[in-house]
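Notes follow the structure.
The values are calculated or read from the model by the stated rules, or taken from the named source; none is laboratory data. Given the structure is predicted, the values throughout are model-derived calculations rather than measurements. Glycine also receives a Cβ, built like all others from the backbone with ideal geometry; neighbour counts cover every protein chain displayed.
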Amino acid sequence: MNARREFLRQSGALVVAFTLAPRLFAQGAGGKPALPGSLSKTPNLDAWIRIDATGAITVFTGKAELGQGVKTAITQIAAEELDVDFAAIGLVTADTARTANEGFTAGSKSLEDSGTAIRHAAAQVRAILVAEAARRWNVPPEGLTVESGTVIGPAGRRAAYGELIAGRDLHVAADPGTKLKDPGQFRVMNRPVRRVDIPAKVTGEAAYVHDVRLPGMLHARIVRPPGYGAKLAAVEIEAVSRRPGVVKVVRDGDFLAVVADREWTAIQAMRELAAAARWNEAASLPDERRLPEVVTSLPAKAMVIHEARGGGSAGTRIVEAAYSRPYLAHGSIGPSCAVAQLTDGKLTVWTHTQGVYPDRAAIAEMLGMPAASVRCIHAEGAGCYGHNGADDAAADAALIATHVPGRPVRVQWMREQEHAWEPFGPAMVAKARAALDASGRIVDWDYAVWSNTHSMRPGGAGALLAAQHGAKAFAPPEPKPLPLPDGGGDRNAIPLYVLPSARVTHHFIERMPIRVSALRALGAHMNVFAVESFMDELAAAAGRDPVELRLAHLEDPRARDVVQLAAERFGWTPGAPARTGKGRGFAFARYKNHATYCAIACEVEVDLDTGRPTLGRVVAAVDSGQVVNPDGIRNQIEGAIVQSASWALYERVAFDASRIRSVDWSTYPILRFGAAPRSVEVHVIDRPGLPFLGAGEAGQGPMSAALANAIAHASGRRIRDLPLARGLSMEPAKGG
């Protein structure tokens with residue numbers, strides 16, 4: 001360490017150095033507040049920011065860009081607190097060799113965790129550089145200002161960050177007492193800044209892991225089993241091995257792959273190899289036609305997660321309902337892809353995983369390698385928001401790379417493989433019962449939800465298909481419920497409404513007949529759909545307006561603000577009757593009950609002859625704390641509205657006793673452009689100085705519920721089982 005510092009003092013370069021070595025920090029010691037965000041685990045400034053002698057600034061985040069705009073937002077945060085231009089920041093994301101271990105990019109926590117850490121680190125770095133200028137000039141630091149990375153002092157004295165950094169060593173622990181910039185002085189934050197990740201995506205430049213091309217790169221394709229539990233009985237590989245351009249056929253237990261010099265050659269060889277393989281299949285999947293009954297009949301551990309028994313008036317009317325959702329696919333537009341290369345015992349993997357460190361640990365375990373010998377570098381994928389096939393593709397590429405050392409290998413899944421083998425969002429069932437008093441107030445509430453786990457993410461090799469199918473097969477990890485307050489299947493099962501008497505039970509189902517894991521919003525999607533649909537049913541039973549009933553049971557002023565703003569901007573008129581085939585719906589939730597507030601109102605028209613729904617105007621109000629990029633928040637809520645409308649109306653994984661059958665866009669239909677809402681408005685409430693809350697997953701539940709409520713209003717039919725379009729038509733969905 002001393003040698004490094006001496007080198008930096010002599011060279012005048014890279015003084016805000018970089019280290020991943022965590023240092024224990026006594027949280028709350030000496031009366032100081034705990035370190036905020038990810039600083040609590042990685043408290044040294046040099047893990048987050050680097051400035052060299054030229055003044056070039058690099059910021060490091062362990063979070064990944066998934067299309068949620070985190071690159072843009074974190075760059076804005078760093079630029080604001082460092083007092084430099086947005087363009088002056090270089091950002092490095094999610095790389096096990098360069099960035100801090102921030103776990104998974106999930107739960108809308110990128111700004112809450114990483115953004116908060118970087119904001120505080122940047123503010124402290126700025127303060128240190130200002131203090132250095134004050135020391136050199138022998139003036140108080142309070143009289144100095146900063147403009148575009150230059151400290152300005154009395155009589156026009158100026159010193160750029162590059163000058164001030166020379167001779168300084170900022171390998172120091174973060175100070176939780178560092179003063180942040182007043183929101184009234186923001187120049188970069190709370191401004192609409194164009195997303196840095198968008199241009200390449202819309203112009204066809206290299207933007208995704210699918211676009212990675214390395215010298216001497218080979219192409220590989222996997223031959224997957226036809227269904228869960230299928231075992232490879234026999235395969236003839238000689239003919240495929242002799243095909244021109246085929247470099248290798250890899251077999252490891254039930255894992256089959258071909259490696260070729262060209263992609264089309266790999267595809268042709270994969271098809272020939274698949275035709276030459278014989279599998280013993282297992283009929284282990286449940287009856288999809290009875291899915292809600294299957295879900296509630298599986299052995300489950302009942303956990304009461306909320307109970308409040310207060311006094312109050314007795315209920316005069318009881319309302320009961322049950323809701324369900326099917327298994328849902330991520331439906332990534334680009335099937336999963338990864339590139340791996342093994343050179344001199346070191347493995348590098350380019351992957352669109354949401355957790356480079358957990359993926360590294362899982363791959364290292366699968367291959368029996370030290371984790372330090374594996375590097376995972378995040379590269380964006382064309383579709384994600386949850387645990388899709390990204391980690392599996394990375395494991396495929398890593399395993400194959402060990403059979404062709406020295407050559408980079410690109411693995412690209414086929415569409416049918418993505419749809420059949422990715423982990424799905426779990427099927428869920430919710431049952432609600434409530435009592436209303438004579439005035440129409442809710443006086444008792446009983447809610448229960450049945451669900452598998454919502455995370456089987458890597459961290460162990462058993463979470464990877466290549467490891468499960470190998471000759472040395474790794475067993476999948478034990479499924480576990482995710483702890484509250486975030487939760488998994490019980491996320492948002494506890495309503496934010498003030499209820500004098502309430503009980504909420506989570507029935508955690510350990511057995512998983514279908515492969516499941518994290519899908520955007522986790523259990524919040526289903527729970528908000530159920531709770532907010534039930535609120536409308538209670539409003540109808542009480543003869544009260546749905547928005548008025550919600551406000552009557554909300555005390556949180558920020559919750560009331562988003563409900564009132566959405567209703568006002570939508571033009572909600574209490575008690576307005578439905579017109580023939582036309583209706584409106586409303587829903588609200590605070591994501592995880594401690595993150596972003598979101599309320600949505602929408603209108604829909606239902607053709608009463610065909611049951612076909614047409615989405616009209618959608619209006620949302622959102623409060624995600626201090627705003628970094630208002631356009632970024634709108635992007636997220638707009639995306640949530642479109643994605644959730646697709647989930648709610650059309651999406652459903654289809655399967656028979658042995659195989660997933662929804663393996664393309666006809667058997668797994670998604671919302672098309674012509675079915676998108678006619679218009680979407682997102683109104684953002686800024687909360688200057690309050691913590692970042694994250695908006696990426698706040699809208700899924702409210703949109704599905706608002707749409708269900710609008711369809712009930714328009715058609716006079718309450719549909720409680722998703723997808724809604726199937727219930728409207730009363731016909732089997734394609735692939736069923």
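At a glance:
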{"read-out": "Subset of segment 230-282 (residues that are among the aliphatic types (A, V, I, L, M) and surrounded by fewer than 15 Cβ atoms within 10 Å (Cβ to Cβ))", "value": "Ala233, Ala234, Ala239, Ala275, Ala282"}
{"read-out": "Unmet criterion (only one of (1) within 30 Å of Gln626 (Cβ to Cβ); (2) surrounded by 17 or more Cβ atoms within 10 Å (Cβ to Cβ); (3) not charged (D, E, K, R)) for Val606", "value": "(1)"}
{"read-out": "Answer from Thr42, Thr61 - the residue that is surrounded by 24 or more Cβ atoms within 10 Å (Cβ to Cβ), in contact with a helix residue (DSSP H, G or I) (Cβ under 7 Å, 6 or more places away or on another chain) and of a type in the set (Ser, Thr, Tyr)", "value": "Thr61"}
{"read-out": "Qualifying helices (runs of 4 or more DSSP H) (wholly inside segment 209-321; at least 1 residues being within 30 Å of Cys376 (Cβ to Cβ) and either out of contact with any strand residue (DSSP E or B) (no Cβ under 7 Å at 6 or more places or on another chain) or without any contact (Cβ under 8 Å) to a residue 60 or more places away in the chain (or both))", "value": "263-275"}
{"read-out": "Qualifying residue in segment 126-141 (condition: touching a strand residue (DSSP E or B) at 6+ places or on another chain (Cβ under 6 Å), among the aliphatic types (A, V, I, L, M) and either in a helix (DSSP H, G or I) or not assigned by TED's automatic domain parsing to the domain that holds Ala56 (or both))", "value": "yes"}
{"read-out": "Matching residues in segment 451-487 - criterion: being among the aliphatic types (A, V, I, L, M), more than 19 Å from Tyr357 (Cβ to Cβ) and under 18 Å from the mean Cα position of the chain (by Cα)", "value": "Leu484"}
{"read-out": "Those residues of segment 352-369 which are assigned to a helix (DSSP H, G or I) and β-branched (Val, Ile, Thr), in sequence order", "value": "Val356, Ile363"}
{"read-out": "Residue list for segment 155-190, restricted to those being under 15 Å from Ala117 (Cα atoms) and either without any contact (Cβ under 8 Å) to a residue 12 or more places away in the chain or in a loop (DSSP other than H, G, I, E, B) (or both)", "value": "Val172, Ala174, Asp175, Pro176, Gly177, Thr178, Lys179, Leu180, Lys181"}
{"read-out": "Number of the condition not met by Leu347 [criteria: (1) surrounded by 17 or more Cβ atoms within 10 Å (Cβ to Cβ); (2) touching a residue at least 60 places away in the same chain (Cβ under 8 Å)]", "value": "(2)"}
{"read-out": "Single residue of Val563, Val622 found to be in contact with a Phe, Trp or Tyr (Cβ under 8 Å, 6 or more places away or on another chain), modelled with pLDDT of 95 or more and part of a helix (DSSP H, G or I)", "value": "Val563"}
{"read-out": "Test: residue in segment 263-271 that is at negative phi and either modelled with pLDDT under 95 or of a type in the set (Ser, Thr, Tyr) (or both)", "value": "yes"}
{"read-out": "Filter result for Ile600 (in contact (Cβ under 8 Å) with a residue 40 or more places away in the chain and not in a strand (DSSP E or B))", "value": "no"}
{"read-out": "Residue within segment 662-674 that is out of contact with any Cys (no Cβ under 8 Å at 6 or more places or on another chain), in the same structural domain as Leu565 (by TED's automatic domain parsing), closer than 30 Å to Asp631 by Cα and in a helix (DSSP H, G or I) present", "value": "yes"}
{"read-out": "Matching residues, segment 48-71, being aromatic (Phe, Trp, Tyr) and either under 16 Å from Gly632 (Cα atoms) or in a loop (DSSP other than H, G, I, E, B) (or both)", "value": "Trp48"}
{"read-out": "Exclusive hit being of a type outside the set (D, E, K, R) and in the same structural domain as Ala395 (by TED's automatic domain parsing), set Val188, Val223, Val193", "value": "Val223"}
{"read-out": "Selection from segment 170-189 of residues that are buried (at least 16 other Cβ atoms within 10 Å of the Cβ), at pLDDT below 95 and not hydrophobic (A, V, I, L, M, F, W, C)", "value": "His171, Asp175, Pro176, Thr178"}
{"read-out": "Residue match in segment 675-698 (condition: crowded, with 24+ Cβ neighbours inside 10 Å, more than 19 Å from Asp561 (Cβ to Cβ) and not assigned by TED's automatic domain parsing to the domain that holds Ile77)", "value": "yes"}
{"read-out": "Given (1) farther than 11 Å from Ala695 by Cα; (2) of a type outside the set (A, V, I, L, M); (3) not in a strand (DSSP E or B), number of the condition Phe588 does not satisfy", "value": "(3)"}
{"read-out": "Selection count, segment 423-463, where residues are touching a helix residue (DSSP H, G or I) at 6+ places or on another chain (Cβ under 8 Å) and among the aromatic types (Phe, Trp, Tyr)", "value": "2"}
{"read-out": "Residue in segment 22-34 that is assigned to a loop (DSSP other than H, G, I, E, B), of a type outside the set (A, V, I, L, M, F, W, C), modelled with pLDDT under 95 and closer than 23 Å to Ala379 by Cβ present", "value": "no"}
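Residue-by-condition table, conditions (1) among the aromatic types (Phe, Trp, Tyr); (2) within 14 Å of Ser332 (Cα to Cα); (3) in contact (Cβ under 8 Å) with a residue 24 or more places away in the chain:
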site: Ile363; (1), (2), (3): no, no, yes
site: Leu367; (1), (2), (3): no, no, yes
site: Pro370; (1), (2), (3): no, no, no
site: Ser373; (1), (2), (3): no, no, yes
site: Cys384; (1), (2), (3): no, yes, yes
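For (1) of a type in the set (Ser, Thr, Tyr); (2) surrounded by fewer than 16 Cβ atoms within 10 Å (Cβ to Cβ); (3) not assigned by TED's automatic domain parsing to the domain that holds Val223, each residue gets a yes or a no:
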| site | (1), (2), (3) |
| --- | --- |
| Glu288 | no, no, yes |
| Pro292 | no, no, yes |
| Ile305 | no, no, yes |
| Ser313 | yes, yes, yes |
| Ile318 | no, yes, yes |
| Ala321 | no, no, yes |
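Each row is one residue, and each column tells you yes or no for (1) surrounded by 20 or more Cβ atoms within 10 Å (Cβ to Cβ); (2) under 30 Å from the mean Cα position of the chain (by Cα); (3) among the aliphatic types (A, V, I, L, M).
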{"site": "Ala521", "(1), (2), (3)": "yes, yes, yes"}
{"site": "Ala530", "(1), (2), (3)": "yes, yes, yes"}
{"site": "Ser533", "(1), (2), (3)": "yes, yes, no"}
{"site": "Ala541", "(1), (2), (3)": "no, no, yes"}
{"site": "Pro557", "(1), (2), (3)": "no, yes, no"}
{"site": "Val562", "(1), (2), (3)": "yes, yes, yes"}
{"site": "Lys582", "(1), (2), (3)": "no, no, no"}
